[in-house]
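The values are calculated or read from the model by the stated rules, or taken from the named source; none is laboratory data. What you see is a predicted model, and the numbers here were worked out from it, not measured in a lab. Glycine gets a Cβ as well: all are built from the backbone with ideal geometry, and neighbour counts include every protein chain shown. Each accessible area value is taken on the protein alone, full model and side chains, heavy atoms only, with ligands, DNA and RNA left out. Shrake-Rupley method; radii C 1.70, N 1.55, O 1.52, S 1.80 Å.
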Amino acid sequence: MMIAGAVVPAATAASVPGWLSTKGSTIVTASGSPYVIKATAWFGMETSNCAPHGLWSISLDEGLDAIAAMGFNTIRLPFSNECLAAKSSNSINAAVNPGLISLSPLKLMDTVIARAKAHGLSVILDRHRPDSGAQSELWYTSQYSEKRWIDDWKMLAARYKNEPAVIGADLHNEPHGPACWNCGDAPRDWRAAATRAGNAVLSVNPKLLIIVEGVENQGDGTATWWGGGLKDVRSAPVTLSVKNRVVYSPHDYPATVHQQPWFSAPNYPDNLEGIWDANWGYLVRQNIAPVLLGEFGTKLETESDRAWLKTLVAYLAKTKMSYAYWSFNPNSGDTGGLVTDDWRTWQTAKLAALRPILTPSPASTPKPTSTPKPTVTPKPTSTPKPTSTPKPTVTPKPTTTPKPTSTPKPTATPKPTTTPKPTSSPRPPASASPRPAGITASWIPQSAWGEGYVAEVEVTATGPVSRWQVSFEAPGTTSVSNAWGMSCRLSGTTVTCQSADWASTLAPGQTVRVGLQAVATKAPSSPKLSVAAS
């Protein structure tokens, strides 16, 4: 671990590859050597915390040291435009991270980048969400215009123009719903928008990789994961003002995130490679452009998921594609993480499955660095009027960022996150069962700190369910700052959560994990859950 003020001999200091570019389907260093980006996402700066999650339990250096020791060489760092303009972050443990408490989210981003570099880790900046509450289908919303999106990207490009540890700009996470590729309808044509934003970024820093995700609904009528469809790049690539900068970035997930039709095919998992080739793998196979698989992950709890991950890892190894695993965080509702809920214990089964594409190395003591001053002082941006009228949004998938993302991801967000943190039909179809609607629910604590907690609720349908509700007593809770798969309100000491989005409609026997993040002086340990369903 890093000791503040320690001087590390140059021979042991970690290093980053510096600026990268593309050559055919290969990412290369300045010297022309092939380079594979091996990333994992550490989400949180896109949520209401405006800080990487887990800093309530571990130090920033502990997390970065673990990521480097696992064999990754890059961090995918999600953020929201809302957090870029915020004055403060929250849920950072002052005893563990005393130097981070007073930082604005932008200055915290400076510090994350500086410390990542000291651990030999590059950084990909991921515009995961416009605001910190939910994933958007398109790159703009009524509150956050395209101009705001591009202006913020230009600000970041200028801020890190002299920092080669920042290697790429992931322009927008998971375009889906009405987003189209080269359809000519300006308000939803993601290829055209990515071209505008990519050129704007390169006008400030021409050395960055421009990372362009796909769309959910492809031109031939097929649908895939949010951000996962790049079939139409063959006839309509993104062409930027600076050559050799575009990296395409699909997302792909297993059946536990969403039951895609190919998971029930009789030749599964042997059919997966053909599906990947058709949607995005052909870009590498035919030496058209590099691919960075921007999100993939699993809790690795089912045989189907294990088969999916084994097949995907073999595919990545064979094609030498770059990737970004979702996620380091354990609090991704869809996928879990690479560490357990204590943020320190490694998930050895997952890491063993990833071993063929990782480069594990002993944790080394990073060189101490000071937080670099930004090359420009960004002025706070006001929200401009939208440049075009956004289409109505559709139900988002669970993120990363959660994906509590993907990231959902409480991003999230898994990813996801997003949420994540899926497809044209993010929720599984309800079954026509004669049984009455009903659910059971169990409380799964994730993390707790002096100012709040994160918890998940596992909900299982005992009959066909179109909506459900869970409530519990939570003395000490003052507000619910984030939720995924449900919406929550606080009345007195009672938290009541209604089903939402991808977790609303449940088939008999179906189980989902939803979650919430709360501001509180203490966390409920095992509250009694009151449930209702219809």
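How many of the residues in region 301-338 are among the aromatic types (F, W, Y) and under 21 Å from W484 (Cβ atoms)?
First, pick out the residues of region 301-338 that are among the aromatic types (F, W, Y): 308, 315, 323, 325-326, 328.
Subsequent filtering for residues that are under 21 Å from W484 (Cβ atoms) retains 325-326, 328.
Residues in region 301-338 being among the aromatic types (F, W, Y) and under 21 Å from W484 (Cβ atoms): 3 in total.
Please count how many residues of region 70-90 are open to solvent by 10 Å² or more (accessible area, probe 1.4 Å) and over 22 Å from L292 (Cβ atoms).
Selection size over region 70-90: 8.
Condition first: under 22 Å from V247 (Cβ atoms), among the hydroxyl-bearing types (S, T, Y) and either crowded, with 24+ Cβ neighbours inside 10 Å or at pLDDT 95 or above (or both). Can you find one or more residues in region 153-161 that meet it?
Within region 153-161, one or more residues are under 22 Å from V247 (Cβ atoms), among the hydroxyl-bearing types (S, T, Y) and either crowded, with 24+ Cβ neighbours inside 10 Å or at pLDDT 95 or above (or both).
It is to be established whether one or more residues within region 97-111 are open to solvent by 20 Å² or more (accessible area, probe 1.4 Å), touching a strand residue (DSSP E or B) at 6+ places or on another chain (Cβ under 8 Å), under 24 Å from A324 (Cα atoms) and not charged (D, E, K, R).
Checked region 97-111: no residue is open to solvent by 20 Å² or more (accessible area, probe 1.4 Å), touching a strand residue (DSSP E or B) at 6+ places or on another chain (Cβ under 8 Å), under 24 Å from A324 (Cα atoms) and not charged (D, E, K, R).
Would it be correct to say that W484 is modelled with pLDDT of 90 or more and among the aromatic types (F, W, Y)? Show your work before the answer.
On the way: modelled with pLDDT of 90 or more: no; among the aromatic types (F, W, Y): yes.
Against the criterion (modelled with pLDDT of 90 or more and among the aromatic types (F, W, Y)), W484 does not qualify.
Restricting to region 277-329, count the residues that are surrounded by fewer than 24 Cβ atoms within 10 Å (Cβ to Cβ), of a type in the set (S, T, N, Q) and either touching a Leu at 6+ places or on another chain (Cβ under 7 Å) or under 19 Å from I167 (Cβ atoms) (or both).
2
Could you grab me the full set of residues in region 340-355 that are open to solvent by 60 Å² or more (accessible area, probe 1.4 Å) and either touching an Asp or Glu at 6+ places or on another chain (Cβ under 9 Å) or modelled with pLDDT under 95 (or both)?
Listed by number, the residues that qualify are D341, D342, R344.
Quick check on A265: is it at pLDDT 95 or above and more than 23 Å from I211 (Cβ to Cβ)? Even if it seems obvious, please write down each step before you answer.
Details: at pLDDT 95 or above: yes; more than 23 Å from I211 (Cβ to Cβ): yes.
So A265 passes the test.
Go through (1) over 21 Å from R76 (Cα atoms); (2) out of contact with any helix residue (DSSP H, G or I) (no Cβ under 6 Å at 6 or more places or on another chain) one by one and return the number of the condition E163 breaks.
(1)
Tell me yes or no: at least one residue of region 40-47 is under 17 Å from S327 (Cα atoms), modelled with pLDDT under 95 and either touching a helix residue (DSSP H, G or I) at 6+ places or on another chain (Cβ under 9 Å) or among the hydrophobic types (A, V, I, L, M, F, W, C) (or both). Explain how you work it out, then say what you get.
Residues of region 40-47 under 17 Å from S327 (Cα atoms): 40-47.
Subsequent filtering for residues that are modelled with pLDDT under 95 retains 47.
Next, only the ones that are either touching a helix residue (DSSP H, G or I) at 6+ places or on another chain (Cβ under 9 Å) or among the hydrophobic types (A, V, I, L, M, F, W, C) (or both) stay: 47.
Yes, region 40-47 contains at least one residue that is under 17 Å from S327 (Cα atoms), modelled with pLDDT under 95 and either touching a helix residue (DSSP H, G or I) at 6+ places or on another chain (Cβ under 9 Å) or among the hydrophobic types (A, V, I, L, M, F, W, C) (or both).
When both residues are 6+ apart or on different chains and their Cβ atoms are under 6 Å apart, which pairs have a first residue that lies in region 77-97 and is among the acidic types (D, E), and a second that is crowded, with 18+ Cβ neighbours inside 10 Å?
As it stands, the answer is E82/S132, since those pairs meet every condition given.
For K231, only one of the following conditions fails: (1) open to solvent by 50 Å² or more (accessible area, probe 1.4 Å); (2) of a type in the set (K, R); (3) farther than 18 Å from G281 by Cβ. What is its number?
(3)
Which of the residues spanning region 444-482 are over 14 Å from S91 (Cβ atoms) and in a loop (DSSP other than H, G, I, E, B)?
The answer is T462, G463, P464, S466, R467, A474, P475, G476.
Which of the residues belonging to region 208-258 are under 30 Å from T460 (Cβ atoms), in a strand (DSSP E or B) and not aliphatic (A, V, I, L, M)? Break it down stepwise before answering.
Going residue by residue through region 208-258, those that are under 30 Å from T460 (Cβ atoms) are 216, 223-228, 251-258.
Pick out the ones that are also in a strand (DSSP E or B) and you get 223, 251.
Hit for region 208-258 is H251, nothing else.
State yes or no: is S466 farther than 19 Å from N49 by Cβ and not aromatic (F, W, Y)? Break it down into steps so the answer makes sense when it comes.
Numbers: farther than 19 Å from N49 by Cβ: yes; not aromatic (F, W, Y): yes.
Yes, satisfied.
Please note which helices (runs of 4 or more DSSP H) are completely contained in region 90-204 and include at least 1 residues that are closer than 27 Å to E451 by Cβ.
105-118
Could you grab me the full set of residues in region 471-494 that are under 27 Å from the mean Cα position of the chain (by Cα) and not polar (S, T, N, Q)?
Within region 471-494, V480, A483, W484, G485, M486, C488, R489 meet the criteria.
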